[in-house]
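Colleague: Encoded as structure tokens, here's the structure I'll be asking about.
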2 protein chains.
Amino acid sequence: MSAYGVFRRAGEAPRVGAREGDAVVDLSALDLDEPRELFARPSLNALMAEGPATWARVAEALAAADTEPARVPLADVGLLLPVEVADYVDFYSSAHHAANVGRMFRPDDDPLPVNWRHLPVGYHGRSSTVVVTGTPVVRPRGQYVEGEGGPSFGACRLLDLELELGWVVGVPSTLGEPVGVEHALEHLFGVVLLNDWSARDLQFWEMVPLGPFTAKSFLTSISAWVVPTADLEPHRVPLDPQEPPPLPYLHEAPWAYDLDLELELDGEVVARPSGRHLYWSPAQQLAHLTVNGASLRTGDLLGSGTVSGPGREERGCLLELTWAGSEPLTLADGSTRTFLEDGDEVVLRGGVGEVRLGEVRGRVEPARG
Amino acid sequence: MSAYGVFRRAGEAPRVGAREGDAVVDLSALDLDEPRELFARPSLNALMAEGPATWARVAEALAAADTEPARVPLADVGLLLPVEVADYVDFYSSAHHAANVGRMFRPDDDPLPVNWRHLPVGYHGRSSTVVVTGTPVVRPRGQYVEGEGGPSFGACRLLDLELELGWVVGVPSTLGEPVGVEHALEHLFGVVLLNDWSARDLQFWEMVPLGPFTAKSFLTSISAWVVPTADLEPHRVPLDPQEPPPLPYLHEAPWAYDLDLELELDGEVVARPSGRHLYWSPAQQLAHLTVNGASLRTGDLLGSGTVSGPGREERGCLLELTWAGSEPLTLADGSTRTFLEDGDEVVLRGGVGEVRLGEVRGRVEPARG
């Protein structure tokens, strides 16, 4: 059982490694009975493209290997973006999150959009700005509306984070051939933690009619480690039946990963959502994404959407935690937060049992220019 | 002056070529004083990444070369997708198109969304399903709502096309550093024709709150030839001043390419829009896309959005041409169309003076499954 990532020692080429405590095991330096080219690479994509049989063989060989000669202390390496991201799609799969947003902005309507229980709502995000944990979060600039009159331009005033899980596609699919919900897991290589940084003021102004754009496209951070879905298999939990039952192409007994998640702001845990608080399963998200014939590529990244639970302390973004800024959070040092301030550091963590997702860390830097 | 593409002769590797009448000039077989690796490639990306100085040198060397020994008849080659698409963003930049949509679906409101004259509205599309002209258009399946009650699932009933121009990015930019509107053209390598196939019934049901998703992601077709922006430079035309004047980061004297466009359905030209009927210039689209710090990559594709003019015969999609199906088109054979039927063939063409964009052709095939 091991998470995979890409590391670089000073002066050497990037290589694929497996996490082992405070070290990374250089897979290209072990004899795993697989072509060394799978591991002497700057991304996991070649390994991910191989499919479940290879993934299982590698995991088994790794478990049986004497890894000592291939261990490199984490302190001696840099961790790189583990995946060359193909298409990035972000979903909106937590009913608690979607309903909270509805209650804030459409208090007189049903909290959930009319289509929400019929399909996993999602949209395409920007792949070029998916970055690895630790990358600075430069406050974006853009258009927002304040009071009466036209839009202003400047640094985002309502900078938020979104705690999400990300599903990483390994096995591609064929254009025109939908991936059935029952086959979805055969395509998924692993799971990451994901922070969908969000400029709420930009978002409010731009998102009607065609969805979020500059409010989200400036940065999306993921963990340096990808946890294989196989390692999470024992931690799938059934969810309550979906009501109304979804259309046949989405029909399965809904499930989620029982991951305990943690949102830390400036050293203090401010929320503890759980991966089980999703309505749509990863398999349903993937089936919906491909039902129209759209093809998957190795490296596709699917975000779950903000993971929020029913409790106040289970909300996965500041928009919900501060109820759109109306209920500021008070931190241990007595300071308060509605949205993120320059210098703030956000860390996402997660895991279940012995399975640890890699953390996602980001510090907010002032806008430039 | 020449458009570039990627071709393959049976049994040979794909290579970069330049169009010359009924032939393609194999650039890897000419001595152009550039590294041959730029041209012995399955995409234009390596050439595009080089930047304007190289693009100009190659065009000059090509014009001076004896191309005869490197000419291959088009009949002997297959044309491939010319660009390895990085991120694909689709804009909504024609005021006539956006206002027509507004008049149809929000007859009591301002035809243009409130933000429309302040920013180039856009959203990210799916890169994996950008295909080259000639690729069959399999009717997608998905969710739609008919009458009362919940959604149905089946083959799209309202299949449409959208005639667009596409701007192809050559020179990448740096994360966190916006590309100023005055520098945008330094990044743009060329122009393609683009058909943004659209499943209107899927779109109506899914697009609130996060924008179009499965309604668009099944297929986007582009021409096999990329026309260098340098060749279109003499054909830039000024547009009327924008009112209200846009924010400073978008401020420039607005312009467009004076391209005559043609939408052919089953052998009959049903619309003749012009490239000059855009409100936001390609430079403004690119400046807006990067104003938040989002980075460009070689191969990024920006769609203009449907290009529609003021006249009835200048509308770039069936939604407008048939006013949402209420005014069917009558074709020469007496048959009528509201939206596309199986077997229909759509061809987009365009050009100005001696500059010809490559055509975009697609035939609708029945839904599968």
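Colleague: Running a GNM on chain B with Cα contacts under 10 Å, which residue among B:Ala65, B:Ala29, B:Ala18 ends up with the highest mean-square fluctuation?
Modeller: B:Ala65
Colleague: Stretch A:Glu177-A:Asp240 to full length: gain in nm at 0.36 nm per residue minus the Cα-Cα span?
Modeller: Working: separation 63, 0.36 × 63 = 22.68 nm, distance 2.97 nm.
Contour length minus Cα-Cα distance gives 19.7 nm.
Colleague: Something else about it: For region B:280-329, what is the convex hull volume of its Cα atoms per residue in Å³?
Modeller: On the way: hull volume 5.4 nm³, N = 50.
Each residue corresponds to 107 Å³ of Cα convex hull volume.
Colleague: Here's another thing I want to ask about it. Give the Cα extents of region A:2-138 along the principal axes, in whole Å, largest first.
Modeller: Result, largest extent first: 64, 37, 25 Å.
Colleague: To the nearest 10 degrees, how steeply does helix A:52-64 sit against the main Cα axis of chain A, on a 0 to 90 scale?
Modeller: 60
Colleague: Continuing with this model, one more query. Quickly work out the A:Ala10-to-A:Trp323 label distance, labels modelled 7 Å from Cα along the C-beta direction, and quote it in nm with one decimal.
Modeller: If labels sit at A:Trp323 and A:Ala10, their model points lie 5.3 nm apart.
Colleague: Cα atoms only: what Rg and Dmax, in Å, come out for chain A?
Modeller: 20.4, 68
Colleague: Could I have the simple spin-label model distance between A:Trp255 and B:Phe204, label points 7 Å from Cα toward Cβ, reported in nm to one decimal?
Modeller: 3.8
Colleague: Using only alpha carbon pairs under 8 Å that are at least six residues apart, calculate the relative contact order of chain B and give it in whole percent. The partial results should precede the final answer.
Modeller: Details: 899 pairs, mean separation 79.9, N = 369.
Once normalised by length, the contact order is 22 percent.
Colleague: Which distances, in nm and shortest first, link the B:Glu37 label point to the same label point in every other copy, taking 7 Å along Cα→Cβ?
Modeller: 1.7
Colleague: Something else now. How much accessible surface area, in Å² rounded to 10, belongs to the heavy atoms of B:Met104 with a 1.4 Å probe?
Modeller: About 30 Å², ignoring ligands and nucleic acids.
Colleague: Mind pulling the per residue volume of the convex hull built on the Cα atoms of region B:77-224? Å³ is fine. Could you put the intermediate results ahead of the total?
Modeller: Working: hull volume 21.4 nm³, N = 148.
Each residue corresponds to 145 Å³ of Cα convex hull volume.
Colleague: Mind grabbing the interface size between A and B? I mean buried accessible area, both sides, 1.4 Å probe, in Å² to the nearest hundred.
Modeller: 5000
Colleague: Amide H to amide H, which residues 5 or more places from A:Ala294 or on other chains are under 5 Å from it, using H placed in the peptide plane?
Modeller: The list, which skips near neighbours in sequence, is A:Gly176.
Colleague: May I pose another question? For labels at B:Val269 and A:Thr336 in the simple 7 Å Cα→Cβ model, what's the distance in nm?
Modeller: In this crude label model, B:Val269 to A:Thr336 measures out at 6.6 nm.
Colleague: Now a separate question. So the label point sits 7 Å from Cα along the Cα-to-Cβ vector; using that for B:Asp109, what distances do you get to the other copies, in nanometres, sorted shortest first?
Modeller: The answer, with the shortest distance listed first, is 1.0 nm.
Colleague: Compute the Kirkwood hydrodynamic radius of region B:182-247, taking the inverse of the mean of 1/r over all pairs of distinct Cα atoms, and give it in Å to one decimal.
Modeller: The answer is 15.4 Å.
Colleague: Placing +1 at every Lys and Arg Cβ and -1 at every Asp and Glu Cβ, with all other atoms neutral, what dipole size does the protein assembly as shown have around its Cα centre, in debye to the nearest 20? Can you show the working numbers first?
Modeller: On the way: 58 positive and 108 negative charges, 7 e Å.
That gives a dipole near 40 debye.
Colleague: Looking at the square roots a ≥ b ≥ c of the eigenvalues of the Cα gyration tensor of region A:236-365, which shape do they give, rounded for a/c under 1.5, prolate if a/b is larger than b/c, or oblate?
Modeller: prolate
Colleague: Working from the alpha-carbon coordinates of region A:74-156, get Rg over Rh, Rh being the Kirkwood radius.
Modeller: We get a ratio of 1.09 for region A:74-156.
Colleague: Same structure again: Report, in degrees rounded to the nearest 10, the 0 to 90 angle that the Cα long axis of helix A:95-105 makes with the longest principal axis of chain A.
Modeller: 30
Colleague: Right, something else. Please quote Rg/Rh for the protein assembly as shown to two decimal places, taking the Kirkwood radius as Rh and restricting both calculations to Cα atoms.
Modeller: On the way: Rg = 25.5 Å, Rh = 26.6 Å.
A ratio of 0.96.
Colleague: OK, next. Taking a point 7 Å out from Cα toward Cβ as the label site, list the nm distances between A:Gly369 and the same residue in every other copy, smallest first.
Modeller: Label-point distances to the other copies, shortest first: 4.3 nm.
Colleague: Can you tell me the alpha carbon radius of gyration of region A:116-168 divided by the globular rule-of-thumb value 2.2 N^0.38 Å? List each step's numbers first, then the result.
Modeller: On the way: Rg = 15.6 Å, N = 53, 2.2 N^0.38 = 9.9 Å.
So region A:116-168 has a normalised radius of gyration of 1.56.
The values are calculated or read from the model by the stated rules, or taken from the named source; none is laboratory data. Fair warning: this is a prediction, and the values are worked out from it, not measured in the lab. Every residue, glycine among them, receives a Cβ derived from its backbone with ideal geometry; neighbour counts consider all protein chains shown. Accessible surface is based on the protein model in full, side chains and every heavy atom, while ligands, DNA and RNA are left aside. Shrake-Rupley method; radii C 1.70, N 1.55, O 1.52, S 1.80 Å.
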